[in-house]
Amino acid sequence: MKFTINRSAFIKELNNVQRAISSKTTIPILTGLKLDVASDAITLTGSDADISIETTIPAVDDNNTLVVEAEGSIVLPARFFSEIVKKLPEDTMTVNVEDGFQTQITSGAASFTINGLDPENYPHLPEIDTTNTVTLAGDVFKELIGQTVIAVSTQESRPILTGVHFILKDGEFLAVATDSHRLSQRKIKLPEANNADYDVIIPGKSLTELSRMIGDNNPDVQMRLSENQVLFVLGNTSFYSRLLEGNYPDTSRLIPKESSTTVEIEAPALSAAIERASLLSHESRNNVVRFSVNPSDKTVTIFGNSPDVGEVTEQLQPAELTGDELEISFNPDYMKEALRSFGQAMIRISFTMALRPFTLVPTEDGENFIQLITPVRTF
Amino acid sequence: MATTDALAATLATKQPRLLAAFQHIIAQNHLAHAYLFTGMDGAGQPELARWIAQRLFCLHVVDGQPDGTCEECVRIANGSHPDIVTVAPTGQSIHVDQVRYLKAEFSKSAVEGNRKIFIIEDAEKMTASAANGLLKFIEEPSGNVTAFLLTANKQLMLPTIISRTQVIDFPPLNTAALRKNFEAAGITPPMAQLLPSLTNSVTEAQQLLAADWLPQAVAALWRWFEQVVNGEPRSFVAVQVHLVGLAKDAQQQTVMLDLIAALFQDLLQLHFQVESATALTFVQYQQALTTLTQQLSARQLVDATELALTAKQQLGRNISFQNVLEGLTLALWPIFTNA
């Protein structure tokens, strides 16, 4: 195996792949980076078993100045290899596998020889057919991840809740996450994906990592599915993630259909008020703020206290307020994260009872995005 | 790198019956989702678990045997297959983060195919809370999962775990065959007689014999033992002077306690004349042991044996070796002096 390539083009792809490589892994070969050299392209693969990233550098792109002299594969220790590549002196570099797995990296006057590993021992990425493909715009998908991943559980006691549940049915794409205290659900209409059918649970961590890779240049994301892994294709890069196994709880029943009190308010204004109230509630043992709706003078009062420090009251004038009087308490951190996901929008909060979950939706397009928070019993 | 041929060959000599049984189970597709392999160290539990893994993953199975040369078999033998999750204790116990890793793996799909295998070595070294946390996954795994829990001490496993697994008892290797094995490896006959009650593996035996450790330990133990049964106060001193110096690491300490237990077992055997004399561990002291049993009652022997057996448990609870042995000595005196 031998090739020469432009160093900065190579480093760019190397950085992408390195996201997947973790230094603490149970399988030693996964600390390595796999290089597959074919006559027309080289492929870099990194994996920590949970996620795998594969990226291709084609020879046709002139910026890469890729010249392949001999085909082959090798696994190189990722940490050393990337540091070496980044510090080489010239614009181009040559990688040459000599006898066995000894690999020589040269650039200008510098020459490194490092020990590689047998590529046969590297895990195989699943082969995923292209029939069940869904295409989404990069920014939409990134937004969807940002909106749902906040509600993913971090508790190991119910591992299934550490993922986001993706369902694609009848041309509608649904993503739900819940940690059993709050829930976040996003729907996207995908009329062109009418015949595709999904029901998978993707680990929240994988999605966070994926959303970091969807850069600002907004490429389309293709999502494909195999039996045990999901694949996202972004241009030349493929992102594989393992799935969570098991049955996700039925979340559709959790969302209340009716409400007795509704409040419409600007998300940023409410968020700032909650933030202030949480300053004191964080000090108290049970971290709750009280939210009182007063229909007679159309105001909302937010109250937070800590027996040791003091208390805070703040009165807000919502844009719209209808229904019965209500007093409800909840964890302000859940509220803050939920509000942040709405951005600058106007939202509608719908309550049924003091001890029933309440929902937050944007006033425009309220069908497609919903946040649900369970209140805290304080008496 | 162990090839499957070697693996199958060791299994065929160690546990031919179990190997054939599992060959049949897999051929019939009747593999259960969780097994508890119990038996002495060296009785072939890890080998069988690995063999099953290769049998299930191998690309070219011939006559119910994995070929051992395809990439899947090689990766399993190297321990680099991502769908074979192996956990072994680091030090005294299986740590919380190892169990966390196991749980995470139990809930995720396989990396390559659609089948996963978990091998938990020395499973009795899981803490009770760790084992309880795993219960749910062992009970109803999602997906195509097979778990193998290996243990040398079934009594230390949680009953709730045992009830959720199919227990496979690995019979101790045939003592006579084992002794021949040891003698073939260049171990002297009296030691080859003694070793089967300590270990079933030849490499471990050779470690014990390195630098003549085992004969020295046996001699020192015997001196202590004679003093104890005569109720001599010197025996208490002997613990520190002779025994503690010999037991330098955790393994040697366990072996010492195993030897003490074996001594009392010999006494019991001679007293009740259960087996032929060749099965004794301490053949070289048979004369002395026989005269001793004639002076002792069954009650005394049973009491003493029970004490010797609990000593090992105490060591497992991080009581220092010297304390364990001194406590044992003090507890043994009244039993023998009241004779």
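Can you go through A:339, A:360 and tell me which one is open to solvent by less than 30 Å² (accessible area, probe 1.4 Å), closer than 16 Å to residue A:151 by Cβ and free of Cβ contacts under 8 Å to residues at least 24 places away in the same chain?
Values: A:339 fails: free of Cβ contacts under 8 Å to residues at least 24 places away in the same chain.
Only one candidate passes the filter, namely A:360.
Confirm whether residue B:31 is in a loop (DSSP other than H, G, I, E, B), under 18 Å from residue B:162 (Cα atoms) and of a type outside the set (Lys, Arg).
Numbers: in a loop (DSSP other than H, G, I, E, B): yes; under 18 Å from residue B:162 (Cα atoms): yes; of a type outside the set (Lys, Arg): yes.
Yes, satisfied.
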**Request:** Considering each of A:27, A:11 in turn, give the residue that is open to solvent by 10 Å² or more (accessible area, probe 1.4 Å), of a type in the set (A, V, I, L, M, F, W, C) and within 14 Å of chain B (Cβ to nearest Cβ).
**Result:** A:27
**Tabulated pairs, region A:82-93, first in the same structural domain as residue A:23 (by TED's automatic domain parsing), second assigned to a loop (DSSP other than H, G, I, E, B), C-beta under 8 angstrom, 6+ apart or interchain** = A:88/A:108; A:89/A:108; A:89/A:109; A:90/A:108; A:92/A:65
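Would you check if residue B:155 is closer than 21 Å to residue B:256 by Cβ, in contact with a Gly (Cβ under 9 Å, 6 or more places away or on another chain), without any contact (Cβ under 8 Å) to a residue 40 or more places away in the chain and not in a strand (DSSP E or B)? Can you show your working first?
Working: closer than 21 Å to residue B:256 by Cβ: yes; in contact with a Gly (Cβ under 9 Å, 6 or more places away or on another chain): no; without any contact (Cβ under 8 Å) to a residue 40 or more places away in the chain: yes; not in a strand (DSSP E or B): yes.
It is false that residue B:155 is closer than 21 Å to residue B:256 by Cβ, in contact with a Gly (Cβ under 9 Å, 6 or more places away or on another chain), without any contact (Cβ under 8 Å) to a residue 40 or more places away in the chain and not in a strand (DSSP E or B).
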**Request:** Could you pull out the residue among A:204, A:171, A:215 that is in contact with a helix residue (DSSP H, G or I) (Cβ under 9 Å, 6 or more places away or on another chain) and within 13 Å of chain B (Cβ to nearest Cβ)?
**Result:** A:204
**Fill in**
Turns out the strands (runs of 3 or more DSSP E) fully within region A:1-58 with at least 3 residues that are under 23 Å from the mean Cα position of the chain (by Cα) and under 30 Å from residue B:98 (Cβ atoms) are A:41-47, A:51-58
**Asked** In region A:68-93, what residues are surrounded by fewer than 17 Cβ atoms within 10 Å (Cβ to Cβ) and over 31 Å from the mean Cα position of the chain (by Cα)?
**Response** A:69, A:70, A:71, A:72, A:87, A:89, A:90, A:91
**Request:** Filter region A:224-248 down to the residues that are open to solvent by 50 Å² or more (accessible area, probe 1.4 Å) and away from chain B (no Cβ under 14 Å), then identify the one that is nearest to residue A:136 (Cα to Cα).
**Result:** A:235
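Take the conditions away from chain B (no Cβ under 14 Å) and buried (at least 19 other Cβ atoms within 10 Å of the Cβ) and apply them to residue A:251. Does it pass? Let's see the steps before the verdict.
Working: away from chain B (no Cβ under 14 Å): yes; buried (at least 19 other Cβ atoms within 10 Å of the Cβ): no.
Against the criterion (away from chain B (no Cβ under 14 Å) and buried (at least 19 other Cβ atoms within 10 Å of the Cβ)), residue A:251 does not qualify.
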**Request:** Take region B:309-327 and flag every residue that is among the aliphatic types (A, V, I, L, M) and open to solvent by 70 Å² or more (accessible area, probe 1.4 Å).
**Result:** B:309
**Asked** Taking helices (runs of 4 or more DSSP H) that do not extend beyond region B:62-146, which have at least 2 residues that are over 26 Å from the mean Cα position of the chain (by Cα) and at pLDDT below 80?
**Response** none
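When you go through A:371, A:344 one by one, which is the residue that is closer than 25 Å to residue A:176 by Cβ and assigned to a loop (DSSP other than H, G, I, E, B)? Break it down stepwise before answering.
Details: A:371 fails: assigned to a loop (DSSP other than H, G, I, E, B).
Exactly one residue qualifies, and that residue is A:344.
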**Request:** Confirm whether residue B:290 is in a helix (DSSP H, G or I) and touching a helix residue (DSSP H, G or I) at 6+ places or on another chain (Cβ under 6 Å).
**Result:** yes
**Fill in**
Here the qualifying pairs (Cβ atoms under 7 Å; residues six or more apart or on different chains; first in region A:206-232 and in contact (Cβ under 8 Å) with a residue 40 or more places away in the chain; second of a type in the set (Asp, Glu)) come out as A:206/A:50; A:218/A:139
**Complete:** Checked against (1) within 12 Å of chain A (Cβ to nearest Cβ); (2) over 20 Å from residue B:83 (Cα atoms), residue B:114 satisfies every condition except (2)
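For region A:109-198, which strands (runs of 3 or more DSSP E) that fit wholly inside it have 3 or more residues that are crowded, with 16+ Cβ neighbours inside 10 Å and at negative phi?
Values: elements: A:110-115, A:134-136, A:163-169, A:172-178, A:182-189.
Qualifying strands (runs of 3 or more DSSP E): A:163-169, A:172-178, A:182-189.
The values are calculated or read from the model by the stated rules, or taken from the named source; none is laboratory data. Source: prediction; values computed, not measured. Here the Cβ is made from the backbone with ideal geometry for all residues, glycine too, and neighbour counts use every protein chain on show. Ligands, DNA and RNA are stripped out before the accessible areas are found, and what is left, the full protein with its side chains, is counted by its heavy atoms. Shrake-Rupley method; radii C 1.70, N 1.55, O 1.52, S 1.80 Å.
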